[in-house]
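Below: one structure, written as structure tokens.
The values are calculated or read from the model by the stated rules, or taken from the named source; none is laboratory data. As the structure is a computational prediction, the values presented were derived from the model and not from experiment. Glycine also receives a Cβ, built like all others from the backbone with ideal geometry; neighbour counts cover every protein chain displayed. Areas reflect the complete protein model, heavy atoms only, side chains present, ligands, DNA and RNA absent. Shrake-Rupley method; radii C 1.70, N 1.55, O 1.52, S 1.80 Å.
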Amino acid sequence: MVETRIKRIDPKDIDQDIIEEFAKMLAEGKTVIFPTETVYGLGANALDEKAAQKIYEAKGRPSDNPLLVHVCDKEDVYDLVEYVDDKAKILIDKFWPGPLTIVFKKKPIIPDRTSGGLDTVAIRMPSDEIARRIIRAAGVPIAAPSANISGRPSPTRPDHIIRDMTGRVDGILAGAPCTYGVESTIVDVSGDYPVVLRPGSVTLEMIAGVLGDARLDPSILNKDDNIKAKAPGMKYTHYSPRAEVYIVDLKGDDFVDKIKELVGQNADMGKKTGLMCMDIDMDRFDGVDIEIFSLGQTEEIAAKRLFDGLIDLDKRGVDVIYSVAFEEKNVGVAIMNRLKKSAGYRIIK
């Protein structure tokens with residue numbers, strides 16, 4: 001059990017003394033959870049093998065699953081990687097700072113513990129001001145996967161962190177809810193064409209728009225795990241709450257009727273049912289014995305609320321969670337990728 005130092009920080013009035021305090025902890029090889037625009041990150045010095053190991057221990061994370069490295073300036077990437085080609089430069093200029101991670105050939109300065117034993121490293125520059133300030137004050141790049149217990153939904157709110165990670169890390173810097181709510185897009189530009197390894201808020205269409213071509217890794221649209229994952233979130237089941245999760249890929253009345261049927265079946269077995277759906281369908285379940293979480297009115301809002309919904313329904317004690325399905329284009333690819341992994345690819349049609 002680790003003694004955890006917890007402090008609140010206001011993103012609209014950032015206390016630099018708190019930043020310096022927690023940055024010092026990172027520089028000393030300790031673990032600190034901090035906010036980013038995507039999800040909360042569990043950070044440690046990316047250049048310190050022992051510090052990186054503490055991340056794996058805090059999360060209960062398999063040691064061959066690579067860690068994502070955060071920098072505070074675009075130029076920092078040149079100290080960490082063998083080369084930055086033209087495609088990577090275009091992506092950096094267009095999307096950094098922001099929720100895009102790029103896979104590079106690493107320099108020896110990046111230890112194998114950070115890269116999961118690979119010769120590549122995944123790097124991004126967050127747009128969140130608190131994140132960039134703490135990285136700059138620490139004076140080192142920060143390895144920071146999502147700050148959840150491995151396999152659980154990624155945390156997007158400070159209360160998620162404090163409840164689950166107190167006693168597992170040295171520090172928690174609790175800011176505001178995250179802007180995007182899903183982890184960054186990860187793209188590999190080392191081959192003949194750019195490959196999206198993990199979809200996110202920077203979509204395939206956006207990347208193709210600036211590079212002329214981009215493709216999804218085949219593992220994103222099916223349940224085949226990569227034997228040697230190049231990026232976090234590719235190899236193992238992720239984002240799963242304690243409740244069983246199912247995706248219901250039906251529309252309109254068919255969707256509503258199926259949910260009501262499933263609620264009845266679950267009630268017969270003594271199971272409590274949860275549902276994640278869009279605002280437009282909320283009123284259609286009036287009088288139904290079900291716990292509902294609204295994913296909002298748009299796909300962008302649904303992405304932001306997705307992990308919050310899984311965590312919230314878990315807290316309400318449901319045994320089964322059903323979720324509406326999304327079309328797999330634009331940000332819908334990222335939402336369905338997280339939902340499929342959360343559900344173990346259980347889809348009701």
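Output the number of residues of the stretch 5-36 satisfying the condition of being open to solvent by 30 Å² or more (accessible area, probe 1.4 Å) and either in a helix (DSSP H, G or I) or of a type outside the set (V, I, T) (or both).
Within the stretch 5-36, residues that are open to solvent by 30 Å² or more (accessible area, probe 1.4 Å) and either in a helix (DSSP H, G or I) or of a type outside the set (V, I, T) (or both) number 16.
Would you say T179 is in contact with a Lys or Arg (Cβ under 9 Å, 6 or more places away or on another chain), polar (S, T, N, Q) and on the phi < 0 side of the Ramachandran plot?
Working: in contact with a Lys or Arg (Cβ under 9 Å, 6 or more places away or on another chain): yes; polar (S, T, N, Q): yes; on the phi < 0 side of the Ramachandran plot: yes.
It is true that T179 is in contact with a Lys or Arg (Cβ under 9 Å, 6 or more places away or on another chain), polar (S, T, N, Q) and on the phi < 0 side of the Ramachandran plot.
Out of the stretch 326-349, which residues are more than 18 Å from G200 (Cβ to Cβ) and either free of Cβ contacts under 8 Å to residues at least 60 places away in the same chain or open to solvent by less than 10 Å² (accessible area, probe 1.4 Å) (or both)?
A343
Can you tell me which condition K106 does not meet? The list is (1) among the charged types (D, E, K, R); (2) surrounded by 20 or more Cβ atoms within 10 Å (Cβ to Cβ); (3) without any contact (Cβ under 8 Å) to a residue 24 or more places away in the chain, and all the others hold.
Among (1) among the charged types (D, E, K, R); (2) surrounded by 20 or more Cβ atoms within 10 Å (Cβ to Cβ); (3) without any contact (Cβ under 8 Å) to a residue 24 or more places away in the chain, K106 violates only (3).
For the stretch 174-182, state whether one or more residues are under 22 Å from E37 (Cβ atoms), surrounded by 20 or more Cβ atoms within 10 Å (Cβ to Cβ) and small (G, A, S).
Of all residues in the stretch 174-182, those under 22 Å from E37 (Cβ atoms) come to 174-182.
Pick out the ones that are also surrounded by 20 or more Cβ atoms within 10 Å (Cβ to Cβ) and you get 175, 178, 180-182.
Subset that is small (G, A, S): 175, 181.
Yes; the residues of the stretch 174-182 include at least one that is under 22 Å from E37 (Cβ atoms), surrounded by 20 or more Cβ atoms within 10 Å (Cβ to Cβ) and small (G, A, S).
Assess whether V77 counts as being under 27 Å from Y180 (Cα atoms), open to solvent by less than 10 Å² (accessible area, probe 1.4 Å) and touching a Lys or Arg at 6+ places or on another chain (Cβ under 6 Å).
Values: under 27 Å from Y180 (Cα atoms): yes; open to solvent by less than 10 Å² (accessible area, probe 1.4 Å): yes; touching a Lys or Arg at 6+ places or on another chain (Cβ under 6 Å): no.
So V77 does not fit the description; no.
Any idea which of (1) surrounded by 15 or more Cβ atoms within 10 Å (Cβ to Cβ); (2) under 21 Å from the mean Cα position of the chain (by Cα); (3) closer than 23 Å to I220 by Cα is the one F293 doesn't satisfy?
Status for F293: all satisfied but (3).
If you take the residues of the stretch 213-224 that are outside any loop (DSSP other than H, G, I, E, B) and without any contact (Cβ under 8 Å) to a residue 60 or more places away in the chain, which of them is most open to solvent (accessible area, probe 1.4 Å)? Let's see the steps before the verdict.
Kept after step one, since they are outside any loop (DSSP other than H, G, I, E, B), are these residues of the stretch 213-224: 215-216, 218-220.
From the residues that got through so far, the ones that are without any contact (Cβ under 8 Å) to a residue 60 or more places away in the chain too are 215, 218-219.
Details: R215: 109, P218: 93, S219: 14 Å².
Ranking the candidates gives R215 first.
Kindly list the number of the only condition in (1) surrounded by fewer than 22 Cβ atoms within 10 Å (Cβ to Cβ); (2) touching a residue at least 40 places away in the same chain (Cβ under 8 Å); (3) within 30 Å of D85 (Cβ to Cβ) that fails for G116.
(1)
Just to be sure, is K271 basic (K, R), assigned to a loop (DSSP other than H, G, I, E, B), touching a strand residue (DSSP E or B) at 6+ places or on another chain (Cβ under 6 Å) and surrounded by fewer than 17 Cβ atoms within 10 Å (Cβ to Cβ)? Full working, then the answer.
Numbers: basic (K, R): yes; assigned to a loop (DSSP other than H, G, I, E, B): yes; touching a strand residue (DSSP E or B) at 6+ places or on another chain (Cβ under 6 Å): yes; surrounded by fewer than 17 Cβ atoms within 10 Å (Cβ to Cβ): yes.
Yes; evaluated as a whole, the condition is true for this residue.
Hey, does the stretch 151-161 have a residue that's over 29 Å from S219 (Cα atoms), free of Cβ contacts under 8 Å to residues at least 40 places away in the same chain and open to solvent by 50 Å² or more (accessible area, probe 1.4 Å)?
yes
In the stretch 161-189, which residues are within 30 Å of Y83 (Cα to Cα) and either within 17 Å of the chain's Cα centre (by Cα) or in a strand (DSSP E or B) (or both)?
Taking the stretch 161-189 as the starting set, the residues that turn out to be within 30 Å of Y83 (Cα to Cα) are 180, 182-189.
Listed by number, the residues that qualify are Y180, V182, E183, S184, T185, I186, V187, D188.
Here is a list: V169, V202, V210. Which entry is hydrophobic (A, V, I, L, M, F, W, C), at pLDDT 95 or above and either surrounded by fewer than 20 Cβ atoms within 10 Å (Cβ to Cβ) or not assigned by the TED database to the domain that holds R133 (or both)? Break it down stepwise before answering.
On the way: V169 fails: either surrounded by fewer than 20 Cβ atoms within 10 Å (Cβ to Cβ) or not assigned by the TED database to the domain that holds R133 (or both); V202 fails: either surrounded by fewer than 20 Cβ atoms within 10 Å (Cβ to Cβ) or not assigned by the TED database to the domain that holds R133 (or both).
Every option except V210 fails the conditions.
Can you name the residue in the stretch 128-150 that is of a type outside the set (A, V, I, L, M, F, W, C) and more than 15 Å from the chain's Cα centre (by Cα) and is also surrounded by the fewest Cβ atoms within 10 Å (Cβ to Cβ) among such residues?
Taking the stretch 128-150 and keeping what is of a type outside the set (A, V, I, L, M, F, W, C), we get 128-129, 132-133, 136, 139, 141, 145-146, 148, 150.
After this cut, where a residue has to be more than 15 Å from the chain's Cα centre (by Cα) as well, the list is 129, 132-133, 136, 139, 141.
Numbers: E129: 16, R132: 18, R133: 20, R136: 15, G139: 12, P141: 24.
Taking the candidates together, the pick is G139.
Sort out which residues of the stretch 124-154 are in contact with a Lys or Arg (Cβ under 9 Å, 6 or more places away or on another chain), of a type outside the set (G, A, S) and closer than 16 Å to H70 by Cβ, and write them in order of number.
M125, P126, P145
Which number in (1) open to solvent by 20 Å² or more (accessible area, probe 1.4 Å); (2) part of a loop (DSSP other than H, G, I, E, B); (3) not acidic (D, E) marks the one condition that M282 misses?
(2)
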